[in-house]
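The numbers here are math on the coordinates, done by the rules we state, and not lab data. If you're wondering where the values come from, they're calculated on a predicted model, not measured in any experiment. Cβ atoms come from the backbone with ideal geometry, glycine included; neighbour counts cover every protein chain shown.
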Amino acid sequence: MAQSKTLAHFEPVNLYEFEALAKLKLPKMVYDYYSSGADDQYTLADNIEAFKRLRLVPRVLVDISAQDISTTILGVPSSFPLVIAPTAMQRMAHPDGECATARAAAKNGVIMTLSSWSTTSIEQVAKAAPGAPRWFQLYVYKDRDVTAKLVRRAEKAGYLAIALTVDTPRLGRREADIHNKFSLPSHLTMANFVEEGDAEKSHMEQGAGSGLAAYVASLIDRSLSWKDIAWLKSITRLPILVKGVVTRADAEIAVRNGVAGIIVSNHGARQLDTSLATIDCLEEVVAGAQGKVPVFVDSGVRRGTDIVKSLALGAQAVQIGRGVLWGLAVGGEEGVDRVLKLLRDEFELALGLCGCRSVKDIRREMVVRTTSEGKRPLSNGPMMNGWASNNHARL
């Protein structure tokens, strides 16, 4: 594949540089939609800052001449502990959209999650990367027949799991979208509804405010509750993950309702502003899961070190959305491929520098929490106690 003009001119070496380039390329309405959070965007900033408050504690003189960073996610091999999170309307970023992302995911040996609100259909994405592992993210519509058809199509097309979004009975107030009067560009559609001939669901009306907010208010089911997990399980054999859990109590309920996994997420800070950063919720949710189901985390992951920290706090893998969008905007499939390789290389390096040969070597005591000024508290609970006791034994 010929190298894109943008990547040939300037080679970004981290996700922040990819975002800067994407901002230059994308229309303002599109960049703002992808990048913004709800209200004052406190949680948007804190999702990233919270990772910075966590510091790594490396061990030395460990033979890392042979490293294995692979893992298994719901029985599927993965080249490293990362799943591509669902992000809507990817053809706004690049004409190849979700197909480019699917091909890059397959090339890098990671699972891709397709959004209900994709601009490429369930079947077309499956054909773009035959045999590659994919999950399908689900919004529940007021018309349950519509929802059931989406699930059955995903199962028929070979998707391996359903990631049910549970934090969006209403859309968060995203002020950038209100200012921009956001709507899906007229040459694009919500592709999963086109074949049904349902213009109400496949198109988005432009109005006085956010077209997406109006879409959600009119079509998405606000009555969704825990009892609907049983309904969803009754219409599919696919495992169900719940995306949007941030408390121990909800994790415990999720396990009782037979979910196959939990995704700790605040929707990229796009729903409830001033909610906690997801990395600060992770251990509580892991405790609620009681080791019965795997726990994943998204929102704020920008570096390979963030993946190490997430696994040390109990996640089986991270999910990443915006970084993939920035790669897609900058260079299509090649850009997404580059983003995934960057994260993989950063993760492998960080793991080795922490003294780990494999994912199995990651331990809780490898991470300590600091204050916002970067200072370690005098007492850090079980985290520091574990580190101190382990090292005292070595002295």
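Some notes on this structure:
- Pairwise FRET efficiency - ALA287 versus ARG170, Cβ, R0 = 25 Å, nearest 0.05: 0.30
- In this structure, VAL194 and GLU49 have a Cβ-Cβ separation that, at R0 = 41 Å, corresponds to a calculated FRET efficiency of about 0.50.
- Peptides 240-250, 209-219 ranked from most to least packed by the mean count of surrounding Cβ atoms within 10 Å: 240-250, 209-219.
- The long axis of helix 144-156 is offset from the longest Cα principal axis of the chain by roughly 60 degrees.
- Helix 42-53 axis versus longest C-alpha principal axis of the chain: approximately 30°, rounded to the nearest ten.
- Translational diffusion coefficient of segment 60-105 (Stokes-Einstein, Kirkwood radius from Cα pairs, 10 °C, 1.306 mPa s): 118 µm²/s.
- Eligible lysines near LYS156 by straight Cα distance, threshold 20 Å, same-chain separation 8 or greater: LYS127, LYS233
- Distant-in-sequence amide H partners of ALA317 (H built 1.01 Å from N, under 5 Å): VAL297
- Other residues whose C-beta falls under 13 angstrom from the C-beta of GLY300 contribute a net charge of +2, scoring Lys and Arg +1 and Asp and Glu -1.
- Using a Förster distance of 56 Å, the FRET efficiency for ILE178-LEU61 (Cβ separation, nearest 0.05): 0.50
- Working note: Karplus 6.51/-1.76/1.60 with θ = phi - 60° gives segment 172-184 the couplings x, 7, 9, 5, 4, 5, 5, 4, 7, 6, 4, 8, 5 Hz, where Gly and Pro are set to x.
- Fraction of beta bridges assigned by DSSP in the chain that are antiparallel (%, nearest 5): 20 percent
- Proximal lysines to LYS28, defined as alpha-carbon separation beneath 17 angstrom and excluding residues fewer than eight positions away on the same chain: LYS181
- With bins 5 Å wide beginning at 0, the percent of Cα pairs of segment 191-342 falling in each bin runs 2, 8, 14, 14, 17, 18, 15, 10, 3, 0.
- Checking the cross-link pairs LYS52/LYS309; LYS309/LYS360; LYS107/LYS341; LYS25/LYS107; LYS52/LYS243 against a 19 Å limit on the alpha carbon distance flags LYS25/LYS107; LYS52/LYS243 as lying beyond it.
- Under the Debye formula (equal points on every Cα, no solvent term), log10 I(q)/I(0) of segment 3-96 at q = 0.17 Å⁻¹: -1.18
- For peptides 144-153, 277-286, sequence by mean Cβ density within 10 Å, most packed first: 277-286, 144-153
- Semi-axes of the equivalent ellipsoid for segment 72-176, Cα gyration tensor, largest first, Å: 22, 17, 14
- Projected-area mean, the chain, by convex hull of Cα positions, square nanometres: 19.7 nm²
- Placing +1 on each Lys and Arg Cβ and -1 on each Asp and Glu Cβ, with no other charges, gives segment 21-155 a dipole about its Cα centre of roughly 200 debye.
- Sum of -39500 (n - 2.57) over DSSP H runs of 4+, divided by residues of the chain (222 nm, nearest 500): -13000 deg cm²/dmol
- Amide H to amide H distances under 5 Å link ILE220 with LYS142, where only residues 5 or more positions off or on other chains count and H is placed in the peptide plane.
- Alpha carbon centroid spacing (whole Å) that separates segment 302-373 from segment 141-165: 30 Å
- Phi angles across segment 134-142 convert, under the Karplus curve 6.51 cos²θ - 1.76 cosθ + 1.60 with θ = phi - 60°, into 3J(HN,Hα) values of 9, 10, 10, 7, 10, 9, 9, 8, 4 Hz, Gly and Pro given as x.
- 0 to 90° range, to nearest 10: angle between helix 97-108 axis and the chain longest Cα axis: 30 degrees
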